[in-house]
Each structure stands twice: as C-alpha cells, then as structure tokens.
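Bear in mind that the values in this text are calculations on the coordinates, not laboratory data. Remember, predicted model here, so these are calculated numbers, not experimental data. FYI the Cβ positions are ideal-geometry reconstructions off the backbone, even for glycines, and counts take in every protein chain you see.
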2 protein chains.
Amino acid sequence: MTTEQWRARVAGPDDSDDVARLLHDFNTEFDAPSPGSAILATRLRDLFAGEDTFAVLVGEPAVGVGLVTTRPNVWYEGLVALLDELYIAPGTRGQGAGSALLELLVETCRQRGVDLVEINVDEDDVDAQRFYRRHGFSSTEPDSEERAFYFRMELN
Amino acid sequence: MTTEQWRARVAGPDDSDDVARLLHDFNTEFDAPSPGSAILATRLRDLFAGEDTFAVLVGEPAVGVGLVTTRPNVWYEGLVALLDELYIAPGTRGQGAGSALLELLVETCRQRGVDLVEINVDEDDVDAQRFYRRHGFSSTEPDSEERAFYFRMELN
C-alpha cells in the first residue's frame, strides 16, 4: 500500500484499548518495561479526557499509533507538542503507514494551535532519523549546526 | 561562594519580570531570537497562574533561572517534567549557583509528583553535560547504551 491508501484517524476515548495494545507491543518488542495493556488503557482514558494528550491510529484494525502531549512554552505564543511515541507493527513497516500517521499527527497539531513539534530519536536509528527529516524535522535549530542530546533522570 | 551559600527559591507571579529579564538575557547572549522581556513577562504571568509551568530563581538580585514545564505521560503514574531553560548570568558562573538552582528545581519536581525529569543538552556543551551527569542525569535509559537526539519542526 502507499501513503494514500492508509487511513489514519485521531483516536477517541473508545480507542483507548487499541492504543494501549499497540503501546504495550511497542515496549515489549524493544525490551522496555510496560505496566501492561490494561493499566495503559485506564491511563489513556483519563489522558484523552484532558486537553494535553492525543493519539493517532492508522489501519483497520489499527497497526500503528502515534502519541502526543502538548504543553505551553514561554518562547511561543502557541503550544509545543512532543511526539512521545510512534509505533508501526512489524509486518506493515515500509509501506507508508508511518507517513500517513505522521502527516495526520502534524495536521492535528496545527489544528490544536501547536507552533513547534519535538521528538527524541535514538542516535543509531538512522532510518527513523531519515523518516523524520523527510517529513520536515531537523536535528538543529535554524542557523545552527549543533545537535542536542536528550538527558533524563527518574525520581524515586 | 559555594552551593550552600546560594539561596534558590521558587518564583511567584511577582517574579515574572525577573524571570523574563534573565530568559531574555539568555537568548540574547546565545544569539537566539527573543520576543523581548515585556512579552515574556506577560506570558510568564499567565503560565505561572496555571499548573504546568514553574520557575526557580537563584541570587538576590536574581542571577540565574530555571524554567520547567510538566505534562502527563502514559508510561508514568506521575508527571514528566522538562527543564526548558537553565541560565546563570556571566560573571557568576562556576560558583555553585547552578547547582543550588538545579537542586531546588529537582526537589520542587518531587513535591509536584514528577516521576521523570528531562532536558536537552547541546552536543558540544560538554560542561553542561558533565553538570547534569553530576546531578544524576543520564543520556541513556537504564540498561541501554543508546543516546537520543532531539529533533524539532516549527509549524507555520
């Protein structure tokens, strides 16, 4: 299939189970911890009821998901969005589902008044880096050559 | 002065002008665009009235600022905090003000129910990377060797 043939859609509260299943599969595939689909689905229902989180699904049944949180930022009049997760199930990769998903995701950001979309991409994942560059993302600010690394610290 | 001698405090709405002045100085020093202190102060008053943004100041008069936004995240029960900016005015660097600021900032995150603190650090800024490592930050997830790059796309 090509990008045009994939139908992406913004997830509603009723899609929480599908979103949770895909996020759980994502972390399981990459050996990252997951609290399990049931807990994720409960959290997602709460998150989707608020204004800070949305998800995009692609395929019927859904084979891919993108999860976004938005927040205010002092440098922008509008919101800043962080693409927390983007996952396409194995077996459907390289067929345009990710592009269809990302295009709707960015369009949804626009509609929600987002001025800047951010994402952290693994250093060695050059395929993902190429994918995001092709869709307009950059690893540097305008007029800069300098990339930035993502640092983190868990509390407790 | 040592870390112990610097007094850091969480900024209130009345500190918006001080926070705005330091953020404007920050961007001016590093040739980044700034809408100017007045617009920043107006935005900060709005942001401080909400629950998603807080700032920490150090020194009297203030010579350093840290600005944090928090958001929900599906992988954590609590919040995720992003350290959007940390600035110490030239002339007072290397004297412990940044450490005092960061310690209060992390403690304030804990009090606000944050499970994860994130920050993006420039690739070539090894001093900043060492500073954050010394305070418990890591450029990789547990059990991983892989760093991540920060990607961005402005809309409009």
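For the options B:Phe26, B:Phe48, B:Phe131, a Gaussian network treatment of chain B with springs between C-alpha atoms closer than 10 Å singles out B:Phe131 as fluctuating the most. Within 10 Å of the Cβ of each residue in B:77-89, the mean number of Cβ atoms contributed by other protein chains is 2.
Averaging the sequence gap over all C-alpha pairs within less than 8 Å and six or more residues apart, then dividing by the number of residues, gives chain B a relative contact order of 22 percent. The other copies place their B:Gln95 label points at 6.4 nm from this one, listed shortest first, where each point is 7 Å from Cα along Cα→Cβ. In this simple spin-label approximation, B:Asp143 and A:Asp125 carry label points 7 Å from Cα along the Cα→Cβ vector, and these lie 1.7 nm apart. Entry note, segment B:64-125: relative contact order of 39 percent, from Cα contacts under 8 Å with a spacing of 6+ residues.
With the helix formula -39500 (n - 2.57) applied to DSSP H stretches of n ≥ 4, chain A reaches a computed 222 nm mean residue ellipticity of -10500 deg cm²/dmol.
Taking a Cβ cut-off of under 14 Å around B:Glu154, the surrounding Lys, Arg, Asp and Glu residues balance to a net charge of -3, with basic ones at +1 and acidic ones at -1.
Spin-label pair B:Phe30-A:Asp46: with each label point 7 Å from Cα along the Cα-Cβ axis, the two points sit 3.4 nm from one another. Measuring nothing but how far apart in sequence close Cα pairs (under 8 Å, 6+ apart) lie, relative to its length, segment A:6-98 scores a relative contact order of 28 percent.
Out of every Cα-Cα pair that segment A:81-156 contains, those further apart than 18 angstrom amount to 48 percent. With its label point put 7 Å out from Cα toward Cβ, A:Glu146 sits 2.7 nm from the same residue's point in the other copies, in order from shortest. Between B:Glu145, B:Glu77, B:Glu29, the residue with the greatest mean-square fluctuation in the GNM of chain B (Cα pairs under 10 Å linked by springs) is B:Glu145. The string of couplings for segment B:75-80 from the Karplus curve (6.51, -1.76, 1.60, θ = phi - 60°) is 7, 10, 5, x, 8, 10 Hz, one whole number per residue in order, with x for Gly and Pro. Taking A:Val80, A:Val126, A:Val65 in turn, the Gaussian network model of chain A (Cα-Cα springs below 10 Å) assigns the largest fluctuation to A:Val126. Sorted from shortest to longest, the distances between the B:Arg7 label points of this copy and the other copies are 6.4 nm, with each point 7 Å from Cα along the line through the beta carbon. Histogrammed with a bin width of 5 Å, the alpha carbon distances of segment A:17-114 distribute as 2, 13, 22, 24, 19, 12, 6, 2, 0 percent, first bin at zero.
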